[in-house]
Amino acid sequence: MEIRPILSALLRNRTGAVLIALQIAVTLAVVINAAHIVKQRLDLIGRPTGMDVANIFEVHSFDFAGEFNYRERVRGDLELLRNMPGVRAATVMNQVPLSGGGSSSGYFREPEREGPEVAGNHFTVDEQAVDTLGVSLSAGRNFRLEEIDYMDLDNVDVDSVLVTAAFAERLFPDGDALGSTIYSGGGDPLTIIGIIEHMHGSWVDWEELDQVVLLPVYVEQDFVRYVVRTEPGRRDEVLGIVEQKLSELDRERAVRGVRSMEELAAESYRGDRMMAVLLTAVIFLLIAITALGIVGLASFSVKSRTKQIGTRRAIGASRFDIVRYFLVENWLITTGGVILGSVLAVAFNLWLVRTFELPKLDFIYIPLGILALWILGQLAVLGPARRAASIAPAIATRTV
Amino acid sequence: MLKMQHVSKIYRTDLVETHALRDFGVHVREGEFIAVTGPSGSGKTTFLNIAGLLETFDGGSYLLDGEDVGRLNDRRRSRVRNEKIGFIFQGFNLIPDLNVFDNVDVPLRYRGFDAAERRRRIESTLDLVGLGSRSKHIPAQLSGGQQQRVAIARALAGSPRILLADEPTGNLDSLMARQILELIEDINARGTTIVMVTHDPELARRAARSIHIIDGKVSDLEPFDPPAVAIEARASA
Ligand SMILES: Nc1ncnc2c1ncn2[C@@H]1O[C@H](COP(=O)(O)OP(=O)(O)OP(=O)(O)O)[C@@H](O)[C@H]1O
Ligand SMILES: [Mg+2]
C-alpha cells in the first residue's frame with residue numbers, strides 16, 4: 001500500500017486535514033455520548049410495565065348535584081362497562097399507573113413505624129383490577145369480591161393487600177412476604193395475600209416505580225375514576241363510545257376524562273422522548289455537517305490537485321489507483337480524528353457522569369462510533385474520489 | 001516500435017470541430033531519437049498524447065511495440081503507459097508534496113514492484129540524472145533544471161520502451177536546456193527510443209531525424225529550417 005507517501009503528502013499540506021480530523025474527533029465524542037443518552041432514554045421509555053398498556057383507558061364520572069348513591073352509581077356503571085362489547089374487565093381506581101398522579105406511603109414490618117421502612121405507591125382497586133391492568137400474580141391469590149369494602153376517603157382501612165414482587169423483596173429480603181403482615185404508619189395490620197410479578201406505579205421518574213401496593217376498597221366520593229381494559233385492538237372502538245353510553249345511563253352527572261393509558265404514559269415520558277428526539281437530531285446534524293466537511297475538503301483537494309492527478313494517470317495510475325488514493329487519504333484523516341475523538345468521548349462522558357449523574361458510557365459505543373465514522377468518511381469521499389478518477393490524463397500535457 | 005497510419009483526431013466543442021490530426025502517419029524505429037517540430041497549434045502535443053495513450057483517436061491505426069493499442073480499455077491503457085512509456089513534460093509535473101525519492105517512486109508503486117526493487121531503481125536513475133544526493137528535497141527546493149532531471153528519472157525508472165517529451169526544455173534557460181538535452185541524448189545512446197517535441201530548431205537539428213507537422217499532417221517538406229517552412233506552408237494553405 002501507498003500509505004507512507006500519502007501520509008507524508010498529507011503532513012506537508014495539513015491545515016484542511018487537521019481541521020477535518022478535529023471535526024471528526026468532536027463529532028465522535030458528541031455522537032457517542034448523545035447516542036448513549038438516547039439509548040438510555042429509549043430503554044427507560046421501553047421498560048416493561050407489567051401491564052397491558054395498549055388496551056387500557058380511563059373515564060371519569062362526576063356527580064356535581066351532590067345527591068347521589070355512590071354504591072348504586074358504581075355498581076350500575078361497572079355493570080354497563082363490563083358488559084360493553086369488546087371490554088375485558090373494568091375496575092375503579094384512585095389513580096392510573098404511569099399517569100404521574102398517585103399516592104405513596106411508607107410501609108413497615110412492625111407496628112408504630114418500627115424497623116425498616118419501604119415506600120409503596122398504593123392504589124385503591126376492586127377484585128377486577130388484576131385482570132384490568134393485565135398484571136400477573138407470581139404467588140398467592142387475587143382479592144375476592146366480598147373483600148372489597150366501601151369507605152370514606154379519610155378513613156381507608158383494609159385487611160389484605162396485593163404487593164409487587166419488588167416491594168415484597170425490599171421489605172422481606174428473605175422471601176417470606178406472602179402471608180406476612182405489614183403496617184402503614186400507625187395503621188392496622190395488612191396481610192399480603194398475593195404477589196404481583198411486576199407492575200409500574202404512577203411516577204415514571206421515581207426510582208421505586210415498581211414498588212406498588214393494591215388496596216381492596218371503594219372510596220366513596222362524588223368523583224369516580226373507572227379503568228377499563230378491552231380485548232386486544234378494540235380500545236379505540238370502546239373508548240369512542242364509552243362517554244355516550246355512561247351518560248345515557250344517567251344524565252345527572254358529568255362523564256369525561258376519557259384517556260388511554262398509552263397517552264398518559266406518553267405524557268409522563270415526554271421529557272425523555274424530547275431529549276431522545278433532540279439528541280438524535282443533533283447526531284444526524286453533526287454527521288451531516290461532518291460528511292459535508294469531508295466532501296468539501298476532498299472536492300477542494302481534487303480541484304487543486306487536478307494537474308497532479310492527470311500526471312499520475314499519465315504515468316500509469318489506473319482510475320482505481322486514483323480512487324484508492326483518496327480513500328486511503330480519507331482513512332488516514334478519519335483515523336487521526338477518531339483516535340483523538342475516543343479520548344474526547346471518554347473525557348466528555350466522565351464530565352457528564354460527574355455533572356449530571358449520567359450512567360457511565362458503555363465502551364462498545366467507541367468501536368461502533370469509530371466504525372461508523374470510518375464508513376461515513378469513505379462514503380463521503382467516494383464522490384470526489386470518482387470525480388478525481390475521471391480527470392483526463394491529457395491534463396498533464398494540456399496545462400502548464 | 002511506434003507506427004501510426006492514417007490517424008485522425010477531431011476535438012469537438014459546442015461551436016467548432018478542430019481537426020487536430022488528419023491522415024497522420026509516422027514510423028519510429030527502435031532506438032531512434034526523433035524531434036517533432038511545427039508551428040503552434042499544428043498538432044504536436046496531440047500527436048504525443050495519442051502516442052503516449054493519454055488520448056484516444058478517431059480513425060486510423062496505432063501499433064506500439066507490435067501491439068495494436070488503439071482499442072484497449074482504460075485499465076490496459078494505464079498499464080501500457082506505466083510499463084512501456086516514459087513521459088517528460090514542459091512543466092516538469094512533479095508532485096509538489098512529495099520529495100524527490102517519492103516522486104520517482106510514484107510510477108514504480110503503480111507498477112507493483114517490491115520495496116527493494118523500487119529503491120534500487122530510484123537510486124540508480126537518480127544517480128544517472130546526477131541527483132543522487134538530493135533525494136530528500138521537495139521540488140520547490142530545486143531549480144527548474146533539477147526538477148526536470150527528477151522528472152526524467154521518474155520517466156526512466158520503470159525502464160520504458162519509449163520516452164515521450166513535450167518541449168522538455170521550454171521552461172528552462174538555455175544553459176539548463178542544453179544540459180537537459182545532453183542528458184536526453186545520453187539516455188538515447190543507452191538505447192531508449194525518444195520522441196521529443198520542440199520549438200527550438202537548434203535542438204531539433206541535434207536529433208537524428210525530424211518530423212515536421214503542419215495543420216495536423218506530417219509535412220513533406222524537409223524540416224531543416226522549420227520556421228521558414230512553417231510560414232511558407234501557412235501562406236500557401
Ligand atoms: N481539448 C481540446 N479541445 C479542443 N481543441 C483542442 C483541444 N486540444 C487541442 N486542441 C486544438 O487542436 C489543435 C492542435 O493542438 P496541439 O496542442 O496539438 O498543438 P501544438 O502543436 O502542441 O501547439 P503548441 O506548439 O502551441 O503547443 C489546436 O488547434 C488546438 O486548439
Ligand atoms: Mg503543444
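Quick notes
- Every pair of residues 6+ apart whose Cβ atoms lie under 7 Å, when the first sits in segment A:314-325 and is at the interface with chain B (Cβ under 7 Å from one of its Cβ atoms) while the second is part of a helix (DSSP H, G or I) and among the hydroxyl-bearing types (Ser, Thr, Tyr): A:Gly316/B:Ser78; A:Gly316/B:Tyr110; A:Ala317/B:Ser78; A:Ala317/B:Tyr110; A:Ser318/B:Ser78; A:Asp321/B:Tyr110
Listed here are the residues, each with its yes/no results for (1) within 18 Å of A:Glu329 (Cα to Cα); (2) crowded, with 16+ Cβ neighbours inside 10 Å; (3) within 14 Å of another protein chain (Cβ to nearest Cβ).
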{"residue": "A:Pro359", "(1), (2), (3)": "no, no, no"}
{"residue": "A:Leu371", "(1), (2), (3)": "yes, no, no"}
{"residue": "A:Leu376", "(1), (2), (3)": "yes, yes, no"}
{"residue": "A:Leu379", "(1), (2), (3)": "yes, no, no"}
{"residue": "A:Gly383", "(1), (2), (3)": "yes, no, no"}
{"residue": "A:Ala392", "(1), (2), (3)": "no, no, yes"}
{"residue": "A:Ile395", "(1), (2), (3)": "no, yes, yes"}
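- Checked across segment B:145-162, the condition of being in contact (Cβ under 8 Å) with a residue 40 or more places away in the chain, away from every other protein chain (no Cβ under 12 Å) and more than 14 Å from the chain's Cα centre (by Cα) holds for at least one residue.
- Scan of segment B:187-198 for residues that are open to solvent by 10 Å² or more (accessible area, probe 1.4 Å), within 14 Å of the chain's Cα centre (by Cα) and of a type outside the set (Ser, Thr, Tyr), ordered by number: B:Asn188
- Count - residues of segment B:49-62 that are closer than 18 Å to B:Gly86 by Cα, more than 8 Å from ligand 1 (Cβ to nearest atom) and open to solvent by less than 40 Å² (accessible area, probe 1.4 Å): 7
- Scanning segment B:187-202 for residues that are away from ligand 2 (no atom under 15 Å from the Cβ) and touching a residue at least 12 places away in the same chain (Cβ under 8 Å) turns up B:Ile187, B:Asn188, B:Gly191, B:Thr192, B:Thr193, B:Ile194, B:Pro201.
Condition check ((1) away from chain B (no Cβ under 14 Å); (2) open to solvent by 20 Å² or more (accessible area, probe 1.4 Å)) across all residues:
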| residue | (1), (2) |
| --- | --- |
| A:Ile283 | yes, yes |
| A:Leu297 | yes, yes |
| A:Ile309 | no, no |
| A:Leu327 | yes, yes |
| A:Val338 | yes, no |
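- Tally of residues being closer than 18 Å to B:Pro168 by Cα and at the interface with chain A (Cβ under 9 Å from one of its Cβ atoms) across segment B:57-95: 9
- Helices (runs of 4 or more DSSP H) (entirely within segment A:294-400) containing at least 3 residues that are modelled with pLDDT of 95 or more: A:306-314, A:319-356, A:365-389
- Given (1) farther than 18 Å from A:Thr124 by Cβ; (2) hydrophobic (A, V, I, L, M, F, W, C); (3) open to solvent by 50 Å² or more (accessible area, probe 1.4 Å), number of the condition A:Trp203 does not satisfy: (1)
- Comparison of A:Ser180, A:Ser136 shows that the only residue that is open to solvent by 50 Å² or more (accessible area, probe 1.4 Å) and either in contact (Cβ under 8 Å) with a residue 12 or more places away in the chain or out of contact with any Pro (no Cβ under 6 Å at 6 or more places or on another chain) (or both) is A:Ser136.
- The number of residues in segment A:219-236 being open to solvent by less than 20 Å² (accessible area, probe 1.4 Å) and either within 30 Å of A:Asp157 (Cβ to Cβ) or not polar (S, T, N, Q) (or both) comes to 5.
- Residues that are surrounded by 14 or more Cβ atoms within 10 Å (Cβ to Cβ), among the aliphatic types (A, V, I, L, M), within 13 Å of chain A (Cβ to nearest Cβ) and more than 17 Å from B:Glu167 (Cβ to Cβ) are absent from segment B:28-48 altogether.
- Scanning segment A:237-247 for residues that are open to solvent by less than 30 Å² (accessible area, probe 1.4 Å) and within 34 Å of the chain's Cα centre (by Cα) gives A:Val238, A:Val242.
- Qualifying residue in segment B:122-144 (condition: closer than 27 Å to B:Gly38 by Cα, in contact (Cβ under 8 Å) with a residue 24 or more places away in the chain and either of a type outside the set (Asp, Glu) or within 16 Å of ligand 1 (Cβ to nearest atom) (or both)): yes
- Of all residues in segment A:99-126, those satisfying the criterion of being open to solvent by less than 40 Å² (accessible area, probe 1.4 Å), assigned to a strand (DSSP E or B) and of a type in the set (S, T, N, Q) are A:Ser105, A:Asn121, A:Thr124.
- Only one of the listed residues (B:Asp74, B:Asp65) is more than 15 Å from ligand 1 (Cβ to nearest atom), surrounded by fewer than 23 Cβ atoms within 10 Å (Cβ to Cβ) and without any contact (Cβ under 8 Å) to a residue 24 or more places away in the chain. That residue is B:Asp74.
- Selected residue (only one of B:Gly91, B:Gly70, B:Gly25, B:Gly60 is assigned to a loop (DSSP other than H, G, I, E, B), out of contact with any helix residue (DSSP H, G or I) (no Cβ under 9 Å at 6 or more places or on another chain) and not charged (D, E, K, R)): B:Gly70
- Just so you know, in segment A:248-261 the residues that are assigned to a helix (DSSP H, G or I) and open to solvent by 30 Å² or more (accessible area, probe 1.4 Å) include one that is nearest to A:Glu67 (Cα to Cα), and it is A:Leu249.
- Only listed residue being open to solvent by 70 Å² or more (accessible area, probe 1.4 Å) and among the basic types (Lys, Arg), chosen from A:Arg14, A:Arg41, A:Arg82, A:Arg73: A:Arg14
- Among residues that are crowded, with 19+ Cβ neighbours inside 10 Å, touching a Gly at 6+ places or on another chain (Cβ under 9 Å) and either under 30 Å from B:Gly112 (Cα atoms) or within 14 Å of chain B (Cβ to nearest Cβ) (or both), A:Ala25 is not included.
- Failed criterion for B:Arg119 (all others in (1) within 16 Å of ligand 2 (Cβ to nearest atom); (2) more than 9 Å from chain A (Cβ to nearest Cβ); (3) within 27 Å of A:Asn13 (Cβ to Cβ) hold): (1)
The values are calculated or read from the model by the stated rules, or taken from the named source; none is laboratory data. Because the structure is predicted, anything quoted here is derived from the model rather than measured. Counting neighbours? That spans all protein chains shown, and the Cβs are built from the backbone with ideal geometry, glycine included. The protein model used for the area step is the full one, side chains on, heavy atoms only, and it has no ligands, DNA or RNA in it. Shrake-Rupley method; radii C 1.70, N 1.55, O 1.52, S 1.80 Å.
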